[in-house]
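Just below is one structure, and these are the notes that go with it.
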Amino acid sequence: MDKQDRRRIEEAEGFLELDLPRRALASLDAAKTSARATFDWQDLAAKAYLAEEKYAEAVPHLFAALDLNPNAVPLHLALATCFKKTQQFARAIEAMRTAEKHCRRGTNADSHPSVAFGLAGCFALAKRKGDMLHWLERSLNEDGKLRRNLLTDPDFDEYRRDPDFISLLQGARSS
């Protein structure tokens, strides 16, 4: 990658830090084709589209970045977010399961409770109560502080009056 393209990528990073995703995309669009094949370019393009809440547009860039760095848990989480926001719950679950596996195996072990909680949220949205309760219990056993997120996380709205959910929220899941 030449100096000019490196500068454009750095410029895009700066625009994203300033919460100017359109300017970031304009900088990235000015880069040559060879720069577009890099992890940094694809990652920044995905982040810019995510910042603009253009989830469908972010997906191909996330996949391209994952091709270059398949173990990047944040990319899998962003992909799950895109699929959740576009009502593709099965694909969101798949992305979260991949992130969870990477957390269990790698250096992201401290993120596991949050990832398990996110996976529970995906199952809740997909109306898979048993799986939701399993992953929710697992996440709460690993980090009880996540319990307070249950009160406000919209993924679980449908279960707020469910006896099993309430029991889990109170600290003891009923059988």
* Structure fact -> Arg91 fails exactly one of (1) more than 22 Å from Arg138 (Cβ to Cβ); (2) surrounded by fewer than 18 Cβ atoms within 10 Å (Cβ to Cβ), namely (1)
* Asked: Among Ala92, Ala126, which is the only one that is closer than 30 Å to Lys47 by Cβ, of a type outside the set (Val, Ile, Thr), touching a Cys at 6+ places or on another chain (Cβ under 8 Å) and without any contact (Cβ under 8 Å) to a residue 40 or more places away in the chain?
  -> Ala92
* Asked: Does Cys82 satisfy the condition of being touching a His at 6+ places or on another chain (Cβ under 6 Å) and not hydroxyl-bearing (Ser, Thr, Tyr)?
  -> no
* To do: Could you pull out the residue among Arg91, Arg161, Arg148, Arg97 that is farther than 26 Å from Lys54 by Cβ and either assigned by TED's automatic domain parsing to the domain that holds Leu44 or assigned to a helix (DSSP H, G or I) (or both)?
  => Arg148
* To do: From (1) among the polar types (S, T, N, Q); (2) surrounded by 16 or more Cβ atoms within 10 Å (Cβ to Cβ); (3) not in a helix (DSSP H, G or I), pick out the condition that doesn't hold for Asn71.
  => (2)
* Mind counting the residues in segment 15-48 that are of a type in the set (Asp, Glu) and either part of a loop (DSSP other than H, G, I, E, B) or touching a strand residue (DSSP E or B) at 6+ places or on another chain (Cβ under 7 Å) (or both)? => 1
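The values are calculated or read from the model by the stated rules, or taken from the named source; none is laboratory data. None of these values were measured; they are calculated from a predicted model. Positions of Cβ are generated from backbone atoms using ideal geometry, with glycine treated the same way; all protein chains shown enter the neighbour counts.
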